[in-house]
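Values quoted throughout were computed directly from the atomic coordinates according to the rules given, and no laboratory measurement underlies them. Remember, it's a predicted structure, so these values are computed and weren't measured experimentally. Cβ coordinates were reconstructed from backbone atoms using ideal geometry, including for glycine residues, and neighbour counts include every protein chain displayed.
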Amino acid sequence: MGEPCSICGRTILAGERVHGFLDGREEKPVCELCLARAERLGWRPGDEPAPEPEGHGHEGRLRRLLRRRDRRPGAPAPGPTPAAPAPPRRRPLPPPVDELGFTPFERAVARFNSSEAGRAVAGLTRTLGVPRASVGASAGAPDEVRITVAWDLSWYQWSVDIADELSPVAELGKDGEVDQLDAAAKQWNARVGKDGKLRLAGERAPSR
């Protein structure tokens, strides 16, 4: 049996890629699907050099000198903090079919297949077999598409923002019991081919 992932607790199977992350000084194994969560927890990849402490090096000395200068009597007060730029306006939900003839679901699937999440699903498909999949609207967010991929003992969900091409594919959740999914997520209207690519029902795999 393989070692468990330190984030989700799932046993990492033989042949599945394992990433080492440092939580302080202790290195912990992390599976492909938990990379983003490990980064959000502030864990550092095991092969990344430790950050230089502020007290060493030229930059650390410069920061200390600047702080001492600001504390001197008569030192000019710092200027006002510039206002943060206004966030970009979100584009409206695209029409059911865009200028190139693609539906929002087709665009979301294409974004998913080229993302880190899509590559992780492709790797797990080679290890765990072909899963079931569904593609549908995300509740309460009309410009987002929810993608669900499920094997017999585990499922994963992601959100694709089709109104913002620069927004990354975001993980919504994962667990081990498919019965925990809502009815909409279990409308298996998509599939993952042997090549690991997600496709909507009726879409053919490219010929080799």
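Computed values, structure above
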{"item": "Estimated FRET transfer efficiency (Lys186, Glu165; beta-carbon r; R0 30 Å; 0.05)", "result": "0.55"}
{"item": "Long-range HN-HN contacts of Ile7 with modeled amide H, under 5 Å", "result": "Cys31"}
{"item": "Cα-centred dipole magnitude for the stretch 123-208, charges only on beta-carbon of K, R (+1) and D, E (-1), debye, nearest 20", "result": "660 debye"}
{"item": "Cα gyration tensor shape of the stretch 139-208, rounded if a/c is under 1.5, else prolate or oblate by comparing a/b with b/c", "result": "oblate"}
{"item": "Additional length obtainable on full extension of the chain from Asp47 to Leu153, 0.36 nm per residue less Cα span", "result": "35.0 nm"}
{"item": "Pairwise FRET efficiency - Glu177 versus Glu27, Cβ, R0 = 22 Å, nearest 0.05", "result": "0.10"}
{"item": "14 Å beta-carbon shell around Ala36, net charge (K/R +1, D/E -1)", "result": "0"}
{"item": "Gain upon complete extension [Thr11, Ser114; 0.36 nm per residue less C-alpha separation]", "result": "34.5 nm"}
{"item": "3J(HN,Hα) from dihedral phi, the stretch 31-46, Karplus parametrisation 6.51/-1.76/1.60, rounded to Hz, x for glycine, proline", "result": "7, 4, 7, 10, 4, 5, 5, 5, 5, 5, 6, x, 6, 9, x, x"}
{"item": "Phi-based couplings in Hz for the stretch 197-202 (Karplus 6.51, -1.76, 1.60; Gly and Pro marked x)", "result": "8, 7, 9, 6, 4, x"}
